[in-house]
Structure formats: structure tokens, C-alpha cells
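Asks: Sharing a structure, written as C-alpha cells. Questions coming.
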Ligand SMILES: C[S@@+](CC[C@H](N)C(=O)[O-])C[C@H]1O[C@@H](n2cnc3c(N)ncnc32)[C@H](O)[C@@H]1O
């Protein structure tokens, strides 16, 4: 394979002459060329950047020297064929192990390192380049990203790693983080190597490593689990890991029948819908919420809800469908939001944090991933408030600690039933990260 790196700072690439990359180059498993874009500049001052059209601070890299350098790199390739041109940019798609494996199959990869404010947009279009980022942060130039990407591609080339299996067992290769590794001494400062690794029992070691990889991924990168290759044995181990994981924040949900708006923005009391009672209770159980409150102050309505709950708690329903019984056991009927807060205070000793929801955009709303971060990082009792009718009143939303952004699907239509919205909100805040 041939890798070309085009840069205005060729002196930055000394690390590509050390360790495994040096060995790979020495064995001719990869041909690495670092080219100074300045040598393709058109004017006598070797200018590779210029001012921004439309105004703004900083300089942008000119298209002519870069395009000429890419064309020259392509022409120099001994085996012209499958060429990938990669522009490094924080505005690119995120680089990954899967992308490294894809690039490792190409005949030639050409990395273009940006600098200053970046590269003239026409380069991407003219060269049909892929734009890749190494993370959601901004670096001074594309040299470090190009080295990172080239390094991860080179170590996947056949013959580069001594032991062919070592790349297969590393983090990400099967969608999980790698298990912890140990070497001598067996005890260091009182910390011993796990006994199983000294046992010589290959099957026990395999199972231990797999469980540790799953544990680590569950703890640090849950988002990877939804795309990982998981066997039935893995899924069982994950269930055990999830059951043993320390629960930090508790999340509750509450459906308000009062006070809510009607179509004319009058404040009204709505009636119970049996489907909301069941479906939100079932979703709340699926996402392991601490409880589901129905706020309904009207006596007649409370009687109906009480009858329904009794049927599933103690009546025929409880025996006929134990799963439904389990879900509805989370439901608590309260007269007001104040009563919900008092209940949580009494049970947990904590002041609940209120998360309002609305189908309409307003000031100071929080995105789902931001809210998820708050829940994961700030230990508390959170209550998601859902409105019936035409939604929660302005006064309730004002009293919330956070208000979530409206849910949107793919267009502007977002008239969901409250039970659909409840499931989507629970999934976005607590479900598998995608
Ligand atoms: C200062 S950055 C330009 C940032 C650009 N103005 C923006 O906001 O997207 C200069 C160059 O560094 C490289 N770079 C910086 N951060 C990067 C990242 N996270 N991934 C890949 N390349 C990056 C790119 O080559 C970029 O053209």
C-alpha cells in the first residue's frame, strides 16, 4: 500500500519513523511519502493560503497547490488503482476502526492536512475526497489527525503486526472495548493479577476476558453495545452486568391531567385514557423508572383509575397477566404535582428535579443528549412531566428545572400521542445510545 501525506509542515512527521510503522516501512509493507504542499505553489513566495472570501478572521488554504500535489501523488503510484483521498477536518465524519479497515484495503490513500482556517471547499468537490475528523475538538492542523489515521491503517496491513491475531482482539474489532491486560509481577503494591489469568484454564480465561470487555464497554461506552456482535452468552452476561451496575440517578415519570391547556389555551382537567395508563407503565418498566405518577384530582376520575389499578394489582388481571401486573405496580395516583414532589421527598429524602416536556419550541430548552448527560453525571431524583390535552401550562413549565426540546421525527409534523412521546423520551434519555 502507498500512503501520501500532503502538508505544509513535513517536519512534524518524525513519529512516523519509529516503532511498528518504521518496521512496516522497512519491510516495504507500506510506502509512506510526506510531501510539502508548498513545492506545488504557483507564485514566487510559495503561497499556500489566502484570505477568506466574505470576510472573517484567518487564512484558508488555496486549492491549486493541493490539487496539483494530489495529482502528482496519484501519478507517482507504482500500481495505480483504488485511491482514497482524505481531507482532515473537524467538520468531517468521525474516523473509526471500521473506516481504518476500509482504508487498509485501498491501493493508495492520500491524506490532505489542513491548516489555519481549513481548506478551500472546492478541493473536496474536485478531488471527490472523503472528509474525516478524529474527534469533536479542534486541532491546529491536520498533521496529527493524518498520523493517527495512517498509523491505525498501517497496523492493519497484512504482516505488520507480529502476531496476526493481535489486531483482531483489540478494542473495537468486534464492537467492544478490549478486556484489561496484565504482565509480571503477579502482585504489585498489593494489587494482584486476577487469579483466573494464572490458572492456565483457557476456557475460564476466555469467559473472564469476554465478561470484562462487556463490563468495560457497558461502563464507559454503552453506545457501542447497540452495534456490537453479541452472542447469546454475551447477552446473558450483559444482563448480569446491568443488574449489578450501581444505579446513580433515579428517574420518575408523571402524567398530568391537571393543570393542562385545551385547544383554546384555557386551563382544564382532562380525563384518564386507559391506553396511557397501560402503555406508559409498560415503557416505564422497560426503562426501569422508579415510578409512574398519574396526577388527577377529580373524584370520579380517581375512582375509575382506582378500579383499573385494583384489577391489575389484586384482581383477576394480576393472575391472568403477571407482566402487566408488574408494570402497573409502578403507578401511583396523586392529586397534584405538589403531592408527587412530597412523595418523592418522603421516599428518597431528595428534592426532585423537574424535567418539563412540550411539543412546542420555547426559550432555554435542553437537547436530549444534553439532558442525558445531566442525568448520568448529576446524581438526583428526576421527574419527567408529561401533559395531557394541549400540554403543560406555562406556569408548570416555568417551575421546571429543565425543559426538553420537542421531539421531531424527520419532518416538522410532531403531533404525537402522549404515550408515544413518553416512550421516545424514555428511550432517548435512558435507552441504548445509538
Ligand atoms: C484550526 S483547524 C480549522 C478549523 C475549522 N475552521 C473549523 O472550525 O472546522 C485547521 C486544520 O486542522 C485540522 N483539524 C483540526 N481539528 C481536527 C479534527 N478534530 N479532526 C481532523 N482534522 C482536524 C484540519 O486539517 C483543519 O483544516
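Asks: Residues to consider are 102, 130; find the one that is surrounded by fewer than 18 Cβ atoms within 10 Å (Cβ to Cβ), at negative phi, more than 11 Å from the ligand (Cβ to nearest atom) and without any contact (Cβ under 8 Å) to a residue 24 or more places away in the chain.
Replies: The unique qualifying residue is 102.
Asks: Name the single residue, out of those in segment 145-176 being within 13 Å of the ligand (Cβ to nearest atom) and touching a residue at least 60 places away in the same chain (Cβ under 8 Å), that is nearest to residue 30 (Cα to Cα).
Replies: 150
Asks: Another one. Could we say that residue 377 is more than 21 Å from residue 276 (Cα to Cα), at pLDDT below 95 and touching a strand residue (DSSP E or B) at 6+ places or on another chain (Cβ under 7 Å) here?
Replies: So residue 377 fails the test.
Asks: To continue, here is another question. Going residue by residue through segment 363-370, is there one that turns out to be within 14 Å of residue 385 (Cβ to Cβ) and modelled with pLDDT of 95 or more?
Replies: Checking segment 363-370: at least one residue is within 14 Å of residue 385 (Cβ to Cβ) and modelled with pLDDT of 95 or more.
Asks: Within segment 115-122, can one find any residue that is free of Cβ contacts under 8 Å to residues at least 60 places away in the same chain, surrounded by fewer than 20 Cβ atoms within 10 Å (Cβ to Cβ), within 34 Å of the chain's Cα centre (by Cα) and assigned to a helix (DSSP H, G or I)?
Replies: The answer is yes; a qualifying residue exists.
Asks: Quick check: anything in segment 199-211 under 26 Å from residue 331 (Cα atoms) and either surrounded by fewer than 16 Cβ atoms within 10 Å (Cβ to Cβ) or modelled with pLDDT of 95 or more (or both)?
Replies: no
Asks: OK, next. Which one of these is within 33 Å of the chain's Cα centre (by Cα) and within 25 Å of residue 392 (Cα to Cα): 345, 324?
Replies: 345
Asks: Still on this structure: How many residues, within segment 161-179, are at pLDDT below 75 and touching a helix residue (DSSP H, G or I) at 6+ places or on another chain (Cβ under 6 Å)?
Replies: So the count comes out to 0.
Asks: Which residues, counting only those in segment 73-95, are assigned to a loop (DSSP other than H, G, I, E, B) and either within 16 Å of the ligand (Cβ to nearest atom) or at pLDDT 95 or above (or both)?
Replies: Answer for segment 73-95, where residues must be assigned to a loop (DSSP other than H, G, I, E, B) and either within 16 Å of the ligand (Cβ to nearest atom) or at pLDDT 95 or above (or both): just 95.
Asks: From the list 70, 60, 109, pick out the single residue that is within 16 Å of the ligand (Cβ to nearest atom), assigned to a helix (DSSP H, G or I) and either under 19 Å from residue 144 (Cα atoms) or in contact (Cβ under 8 Å) with a residue 12 or more places away in the chain (or both).
Replies: Within the list 70, 60, 109, the selection yields 70.
Asks: Only residues that are touching a helix residue (DSSP H, G or I) at 6+ places or on another chain (Cβ under 7 Å) and closer than 18 Å to residue 101 by Cα: list them for segment 69-85, please.
Replies: The answer is 83, 84, 85.
Asks: Would you pick out the residues in segment 14-57 that are surrounded by fewer than 16 Cβ atoms within 10 Å (Cβ to Cβ) and within 16 Å of the ligand (Cβ to nearest atom)?
Replies: Correct list: 50, 51, 52, 53, 54, 55, 56, 57.
Asks: Only one of these is within 18 Å of residue 427 (Cβ to Cβ), assigned to a strand (DSSP E or B), modelled with pLDDT of 95 or more and in contact with a strand residue (DSSP E or B) (Cβ under 7 Å, 6 or more places away or on another chain): 386, 354. Name it.
Replies: Of the residues listed, the single one that is within 18 Å of residue 427 (Cβ to Cβ), assigned to a strand (DSSP E or B), modelled with pLDDT of 95 or more and in contact with a strand residue (DSSP E or B) (Cβ under 7 Å, 6 or more places away or on another chain) is 386.
Asks: For segment 222-251, which residues satisfy the criterion of being surrounded by fewer than 16 Cβ atoms within 10 Å (Cβ to Cβ), over 30 Å from residue 349 (Cβ atoms) and in contact (Cβ under 8 Å) with a residue 12 or more places away in the chain?
Replies: 223, 226, 227, 229, 233
Asks: May I pose another question? Let me spell it out: the conditions are (1) out of contact with any helix residue (DSSP H, G or I) (no Cβ under 6 Å at 6 or more places or on another chain); (2) under 19 Å from residue 79 (Cα atoms); (3) assigned to a helix (DSSP H, G or I), and residue 28 meets all of them except one. Which number is the exception?
Replies: (3)
Asks: On to the next question. Just to be sure I understand the filter: pairs with C-beta atoms under 6 Å, separated by 6 or more residues or on different chains, first member in segment 87-98 and without any contact (Cβ under 8 Å) to a residue 60 or more places away in the chain and farther than 12 Å from residue 124 by Cα, second member within 7 Å of the ligand (Cβ to nearest atom) and outside any strand (DSSP E or B). Which pairs pass?
Replies: Once the first residue is without any contact (Cβ under 8 Å) to a residue 60 or more places away in the chain and farther than 12 Å from residue 124 by Cα and sits in segment 87-98, its partners that are within 7 Å of the ligand (Cβ to nearest atom) and outside any strand (DSSP E or B) give 90/138; 95/134.
The values are calculated or read from the model by the stated rules, or taken from the named source; none is laboratory data. Keep in mind that what you see is a predicted model, and the values were worked out from it rather than measured. Cβ: placed from backbone, ideal geometry, glycine included. Neighbour counts: every protein chain shown.
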